[in-house]
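Below is one structure, written out as C-alpha cells, with a few remarks after it.
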Amino acid sequence: MVKIQSMTFGYGKRPLFEGLDLRLEPGTVFGLLGLNGAGKTSLLKLLAGALSPQSGSISVFDAEPRRREAAFLADTVFVPEDPWLPAIKPSAWLERYAVFRPAFNRKAFLELAHEFALDEDKLLTRYSYGQRKKFALAAALSSGSRLILLDEPTNGLDIPSKSQFRRALASSAEADRIIVVSTHQVRDLERLIDPAVIVHGGKILFSLGSEMMAARLGSGHVRELGPDVVYAEKDRVGYSVLLKRSSDNTGSGEIQTADLELVFNAAIAAPRRLEAALRGESLRPLDPADAAQAADAVRTADQAPSGAAKDYAEEASK
Amino acid sequence: MTNATLNKTFSFERLALLVRNRALEDFPSVAIVAGILAGINLLSILIAGKAVMNDPDGQSWIFAISLAGLILAGSAFKGMHDGRSGTDWLLLPATSLEKYAAALVSYLILLPVAAAIGATGLSAILSLIELIAGGQGGRILNPIQAFGVKGWIDFATGALVLAAGSATFRKRALIKTLGIVIVTVLVASGLLFVAFIGVRGIQGLPVPFVRMSDGGWNINGDMSMKASPALDVLLGIVRYAFVPLFALLYGYFRVAEKEARDEVQ
C-alpha cells in the first residue's frame with residue numbers, strides 16, 4: 001500500500017503540495033489527473049524516491065522512498081514522459097539493466113517488445129520518441145515491480161500502440177500491484193483507470209471510483225441546459241454536459257457513462273457543485289452564462305492553476 | 001540477482017554489476033584514446049625511429065593513464081545530473097553507496113590496473129616494431145616501478161577530489177573542481193606563509209622562502225622537509241588523510257542526497 005501523510009513539497013519557496021494525504025490500495029490502476037504544473041510528475045517522482053518530501057511521510061509497501069534502498073527501487077518502476085535510454089541494443093539493455101530486478105520477466109518483455117514492433121537490432125538512442133516510450137513501457141510492465149508509475153504513457157503513441165498499451169496495462173493490473181498513471185489524455189485510458197485522482201492547488205481534490213461515478217454521474221448532449229447539470233461545455237449544436245444521475249433525468253437525452261474529461265473539468269471549475277452532485281444533493285440550475293464562465297475558468301486555470309478556477313468555483317458554489 | 005541479495009544494504013554482486021556497466025560504457029572512449037596514442041607512437045617510429053612514449057622511466061605512459069583516469073573520475077557522476085538520464089541513474093535498483101563505490105572502484109583501481117596492463121602490452125609491441133624497424137627498441141613500461149605506491153596514492157587523491165566535484169557540479173565539473181583546488185591551495189599557502197612569519201619571523205623562514213623574497217624563485221621539492229618536521233607532518237596529514245577522506249565523504253553525501261530536480265515537470 002502507498003500512504004502519504006501530511007506531505008509538503010515544493011521547488012524553492014513555491015509550495016507544490018502542502019499537507020497532502022493520499023492512500024493507494026493494491027489491485028488498482030490510479031489515474032492521476034491535473035492541470036499543467038499541478039505536480040503530477042513531482043508526485044510520481046516523490047513516490048519513486050527521485051524527490052524527497054520537505055515534511056510529512058511517504059510509505060510504499062512499508063518502505064520509505066527517500067532512502068532509495070535497493071529492494072524498494074527494484075519494487076518500483078517509474079516511466080517518465082520522455083524516457084531516456086542508453087546507446088545500446090535491447091539485448092544489451094537486458095543484460096546490463098534488467099539484471100538489477102530479480103522479478104523482471106524477460107519472456108513478458110520480449111513478447112511486449114514483439115507486440116510493440118520494437119526493432120531489436122537498433123540502438124535504443126536511435127529509437128523514435130514513440131518507440132522509446134514503448135520500450136520503457138514494456139520494460140516497466142515486465143519489471144515485476146509492485147508499484148508502477150507511468151507519466152503520460154500514451155503521449156507519443158500511435159493509435160494501434162495505444163490499444164496495445166491498454167491491453168498490456170489491463171493484463172498487468174494484478175492484485176498485489178499498484179499502477180499510477182498520470183495523464184492529460186483521459187479518454188485514452190478512462191476505461192482502465194479506477195479511481196481517478198484529481199490533483200489541484202497542492203491537494204487531492206477528488207478521488208473518484210468508477211462505481212461511484214457510474215451511480216452518481218452521467219454524460220450526455222443536450223440543446224438546452226436542464227436541471228441536474230453539473231457542468232456544461234457549449235458546442236455548435238448544444239451542450240456536452242456532466243449530469244447528476246437522478247430518477248427524473250428528463251429532457252437530458254440518452255445518459256451515458258460519465259465522460260472523465262468533463263468530470264475533470266467540473267472538478268477544476270466547479271468543485272463544490274461536483275461534490276454536491278456526488279453526495280446526491282440538489283443543484284442550483286446552471287444557466288448559459290454560468291456554463292461559459294466555467295469553461296473559461298478551466299481554460300484560465302491551465303495557465304494559473306490556482307487562480308481563476310478557484311475563484312469561479314467559489315463563486316459558483318454560493 | 002536474487003531477492004535475498006536485494007535486501008542487503010550493501011551487495012558486492014550489485015557493485016560488480018555497476019562496475020561492469022561502467023567499464024562497458026567507458027571502454028569505447030578509452031579504446032579510442034589508446035588507439036590515438038598507438039598511432040602517435042607508430043608515427044614517431046616512422047619519422048624518428050623511436051616510440052616517443054617508451055621513455056626510460058615510463059613517465060609518459062603514467063601521465064597518459066593518470067590523465068585519462070582523472071578526466072573519467074571528473075565526469076563520474078555526469079549522468080546523475082542530467083535532466084533526462086538522471087532520474088534513471090537515481091532509480092536504478094542499487095544503493096547510493098554501491099553506485100558511489102562503483103565509480104571509485106572503476107576509476108581508482110580498475111582503470112589504472114587495466115590501463116597499465118594495456119599500456120605495458122602496447123609499449124612492448126611498439127618496442128618490437130621499433131626493433132624491426134631497425135631502431136634500438138625503447139624501454140618496455142614497468143608500471144609498478146613507474147607508478148609506485150606514492151604515485152598511485154597521489155593519483156587516487158586527485159581522482160577522489162575530482163569525483164567529489166563531479167558529484168557536486170552539474171556542468172563543467174572538471175574545470176570548477178580544478179578552480180576550487182587551485183584557489184584553496186593558494187589561500188592555504190598564503191595563510192600558512194603568514195602564520196609562519198607570525199610564529200618565527202622573517203628570519204625563521206626556510207631557505208627557499210628566503211630565496212623567494214630575494215627574488216630567486218628557487219623552490220624545490222624538499223621545501224616542506226626543510227621548513228620544519230612538524231609542518232611536514234601537518235602537510236602530510238592534510239594531503240594524505242584529510243583531503244582524501246573529506247572528498248570521499250563529501251562525494252558520497254552529494255550522491256546520496258541527490259534528487260531529480262534538474263528537470264522540473
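None of the figures in this text is laboratory data; all of them are computed from the coordinates on show. On a predicted model such as this, the values are computed, not experimentally measured, just so you know. Positions of Cβ are backbone-derived with ideal geometry, glycine not excepted, and every protein chain shown enters the neighbour counts.
Among the residues of B:92-100, the average count of other protein chain beta-carbon atoms within 10 Å of the residue beta-carbon is 5.
Assuming 0.890 mPa s and 25 °C, estimate D for the range A:16-156 with Stokes-Einstein, Rh taken as the Kirkwood radius over Cα pairs, in µm²/s. Approximately 152 µm²/s, per Stokes-Einstein.
DSSP beta bridges in the protein assembly as shown, what fraction antiparallel, as a percent rounded to 5? Please list the in-between numbers first.
Details: 32 of 50 bridges.
Counting DSSP beta bridges with both partners in the protein assembly as shown, the antiparallel share is about 65 percent.
Exposure here means at most 15 other Cβ atoms within 10 Å; with chymotrypsin sites (Phe, Trp or Tyr not before Pro) in a DSSP loop as sites, the longest stretch of chain B lacking them is B:11-216. Taken residue by residue and averaged, Cβ atoms of other chains lying within 10 Å of the Cβ of A:64-70 number 6. Relative to the longest principal axis of the Cα atoms of chain A, the long axis of helix A:159-172 makes an angle of roughly 80 degrees.
Mean sequence separation of contacting Cα pairs (under 8 Å, at least six apart), scaled by the length of chain A, corresponds to a relative contact order of 18 percent. Expressed as a fraction of 2.2 N^0.38 Å, the C-alpha radius of gyration for the range A:198-240 is 1.46. Structural size metrics of the range A:24-78, computed from C-alpha coordinates, are Rg and Dmax of 11.7, 33 Å.
Between helix A:308-317 and chain A, what is the angle of the helix's C-alpha long axis to the longest principal axis, kept within 0 to 90° and rounded to the nearest 10? So the inclination is approximately 40 degrees. Tell me the GluC sites (Glu not before Pro) within the range A:98-168 that lie in a loop according to DSSP and have at most 10 other beta-carbon atoms within 10 Å. Within the range A:98-168, the qualifying GluC sites (Glu not before Pro) (loop, at most 10 other Cβ atoms within 10 Å) are A:120. Taking other C-beta atoms within 10 angstrom as a stand-in for reagent exposure, B:81, A:200 fall in the order B:81, A:200, fewest first.
Quick one: pull the percentage of alpha-carbon pairs in the protein assembly as shown with a separation above 44 Å. Before the final figure, lay out the partial values.
On the way: 64658 of 169653 pairs.
Distances greater than 44 Å cover 38 percent of the Cα pairs.
Look at the alpha carbon pairs under 8 Å that are at least 6 residues apart: their mean separation over the length of chain B gives a relative contact order of 24 percent. Values of log10 I(q)/I(0) for the range A:201-274 across q = 0.11, 0.25, 0.28 Å⁻¹ run -0.25, -1.18, -1.42, by the Debye formula with one identical scatterer at each alpha carbon and no solvent. Separation of the alpha carbons by more than 26 angstrom is noted, of A:45/A:203; A:133/A:244; A:40/A:133; A:162/B:99; B:8/B:99; A:89/B:78, for A:133/A:244; A:162/B:99.
Over the Cα atoms of chain A, Rg to Rh with Kirkwood Rh, two decimal places?
Working: Rg = 20.9 Å, Rh = 20.8 Å.
Across chain A, the Cα-based Rg/Rh ratio is 1.01.
Membrane-span-like helices in chain B: DSSP H runs reaching 24 Å or more (Cα, own axis), mean Kyte hydropathy at least 1.6? The partial results should precede the final answer.
On the way: long enough: B:12-48 (49 Å, 1.27); B:111-132 (31 Å, 1.91); B:143-168 (35 Å, 0.93); B:173-200 (39 Å, 2.19).
Result, helices passing both filters: B:111-132, B:173-200.
Relative to the dominant Cα principal axis of chain A, helix A:106-115 is inclined by about 60°.
Just checking the output field for A:99-112: average partner chain Cβ neighbours within 10 Å of each residue's Cβ?
Values: counts 7, 10, 4, 7, 2, 2, 0, 0, 0, 0, 0, 0, 0, 0.
Other-chain Cβ atoms within 10 Å of each residue's Cβ, averaged: 2.
Could you please report the charge total around residue A:103, scoring K, R as +1 and D, E as -1 over all other residues with beta-carbon less than 14 angstrom from its beta-carbon? Charge balance in the 14 Å sphere: +2. Remark: relative contact order (the range B:1-90) = 11 percent; criterion is Cα-Cα distance under 8 angstrom and separation of 6 or more residues. Between residue A:6 and residue B:4, the modelled label-to-label distance comes to 4.2 nm, taking each label 7 Å out from Cα in the direction of the beta carbon. Divided by 2.2 N^0.38 Å, where N counts the residues, the Cα radius of gyration of chain B comes to 1.23.
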